[in-house]
Amino acid sequence: MSDKNIYLFTAKTFHGLEKILASELKKIGASEIIILKRAVSFKGNIEVMYRANYEVRTDLNILQKITEFTSNTSDELYEKVNLLNWNEDNDLNETFSINKTIH
């Protein structure tokens, strides 16, 4: 694959496996690896994402970051989500899931 686009991903894992996961991601070509709590963030192209899903043994999910923002109310969250161009990557016949982290 020759995709030159670089994306930000997060690989989720179990507590205690973060360093092993980071090592596995490095071996498949991931860059800018940061160990988090029960996760590892990294950058890579589409090939790295596919290899992470297929070859890495210690991840639970590979998430691709599409945006980040702060909202203080449910109305503000709804407004900001509606500003995203959902049609750019999805058509009306496709579905997707949303994972959230709330602090």
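The values are calculated or read from the model by the stated rules, or taken from the named source; none is laboratory data. Here the structure is a predicted model, which means the values were calculated and not measured. Because the Cβ atoms are built from the backbone with ideal geometry, glycine has one as well, and the counts that use them run over all protein chains shown. The protein model used for the area step is the full one, side chains on, heavy atoms only, and it has no ligands, DNA or RNA in it. Shrake-Rupley method; radii C 1.70, N 1.55, O 1.52, S 1.80 Å.
Put simply, the amide H of L8, placed in the peptide plane, has neighbours under 5 Å in K65, leaving out anything fewer than 5 places away on its chain. Here is the link list: K4/K37; K26/K65; K12/K43; K4/K26; K27/K80. Which ones come out longer than 26 Å on Cα distance? Beyond 26 Å between Cα atoms: K4/K37; K27/K80.
If you plug each phi of region 8-14 into the Karplus form 6.51 cos²θ - 1.76 cosθ + 1.60 with θ = phi - 60°, what whole-Hz ³J(HN,Hα) values come out, in order, with x for Gly and Pro? With the stated coefficients, region 8-14 comes to 9, 10, 10, 9, 8, 8, 8 Hz. From the P(r) of region 50-103, can you give the percent of Cα pairs sitting at distances over 18 Å? That tail contains 51 percent of the Cα-Cα pairs.
When each of the peptides 29-40, 67-78, 44-55, 86-97 is scored by the mean number of other C-beta atoms lying within 10 Å of its residues, the order from highest to lowest reads 44-55, 29-40, 67-78, 86-97. 3J(HN,Hα) along region 36-43: 10, 7, 6, 6, 9, 9, 7, 10 Hz, from the Karplus curve 6.51 cos²θ - 1.76 cosθ + 1.60 with θ = phi - 60°, whole Hz, x for Gly and Pro.
Heavy atoms of the protein chains alone define the surface here; on that basis the chain has 80 Å² accessible area per residue at 1.4 Å probe size.
How much of the accessible area of the chain, probe 1.4 Å, is carbon plus sulfur, in whole percent?
Numbers: 4190 of 8290 Å².
Carbon with sulfur: 51 percent of the solvent-accessible area.
Each principal axis of the chain carries a Cα extent, and these read 41, 34, 23 Å when sorted largest first.
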